[in-house]
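These notes concern the structure reproduced below.
The values are calculated or read from the model by the stated rules, or taken from the named source; none is laboratory data. Owing to the predicted nature of the structure, the values given are computational and were not obtained by experimental measurement. Cβ atoms come from the backbone with ideal geometry, glycine included; neighbour counts cover every protein chain shown.
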């Protein structure tokens, strides 16, 4: 049996949503993550995971405004997070934020450790000094290969939490893992 064409089995994209009116802010978050954003107008815009490669069919992130139906649902859900439901949600979200590697997320590989360390600096600076991103983006965990608790000694992981973009519900936010792999 012949080996399959390596280009036939790839993750092509992830589709994320943002709140109404936050298209430019969503693009800024992708840029903080090291992506190159291209907005050609229309329903969605594109973030190229590898900023040097403009391939709309592979290794891309797309973002569009949340649909009116999802937005109405999320606003209703947020309004009903009271009492026992709010307490349960608080416990769960605290666990997810403290242990991001054990919850839903997606990851992107960065080319160097220096690029990943710079991403940490940039994200933390934006979280403190950018009024639109303060409280909306943060680092949930940094796991360096030499640190206790690291998943492996061959990779560095940084988990970024944001509620600006999500592959699901914006109400609970999204974790995005940035990683660097130790050269062999």
Would you point out the residue of segment 92-102, among those that are without any contact (Cβ under 8 Å) to a residue 12 or more places away in the chain and surrounded by fewer than 12 Cβ atoms within 10 Å (Cβ to Cβ), that is farthest from the chain's Cα centre (by Cα)?
-> 94
Output for segment 15-32, where each listed residue is over 20 Å from residue 122 (Cβ atoms), within 13 Å of the chain's Cα centre (by Cα) and surrounded by fewer than 17 Cβ atoms within 10 Å (Cβ to Cβ) | 15
Out of 85, 77, which single residue is surrounded by 11 or more Cβ atoms within 10 Å (Cβ to Cβ), closer than 30 Å to residue 31 by Cβ and over 20 Å from the mean Cα position of the chain (by Cα)?
-> 77
Segment 154-181, subset part of a loop (DSSP other than H, G, I, E, B) and in contact with a strand residue (DSSP E or B) (Cβ under 8 Å, 6 or more places away or on another chain), residue nearest to residue 68 (Cα to Cα) | 168
Taking the condition surrounded by 18 or more Cβ atoms within 10 Å (Cβ to Cβ), under 22 Å from residue 10 (Cα atoms) and under 13 Å from the mean Cα position of the chain (by Cα), does residue 60 pass?
-> yes
Of the listed residues (101, 75), the one being at pLDDT 95 or above and more than 24 Å from residue 130 (Cα to Cα) is 75
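Residue by residue, here is whether (1) surrounded by 14 or more Cβ atoms within 10 Å (Cβ to Cβ); (2) part of a helix (DSSP H, G or I); (3) in contact (Cβ under 8 Å) with a residue 12 or more places away in the chain holds:
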position: 90; (1), (2), (3): no, yes, no
position: 104; (1), (2), (3): no, no, yes
position: 117; (1), (2), (3): yes, yes, no
position: 134; (1), (2), (3): no, no, no
position: 142; (1), (2), (3): yes, no, yes
position: 152; (1), (2), (3): no, no, no
position: 183; (1), (2), (3): no, no, no
Segment 7-33, residues that are at pLDDT below 95 and assigned to a loop (DSSP other than H, G, I, E, B) | 9, 10, 11, 12
If you check 49, 96, 66, 121, which single one turns out to be under 17 Å from residue 139 (Cα atoms) and modelled with pLDDT of 95 or more?
-> 121
Before we move on, is residue 66 more than 23 Å from residue 116 (Cα to Cα), in contact with a helix residue (DSSP H, G or I) (Cβ under 9 Å, 6 or more places away or on another chain) and surrounded by 15 or more Cβ atoms within 10 Å (Cβ to Cβ)?
-> yes
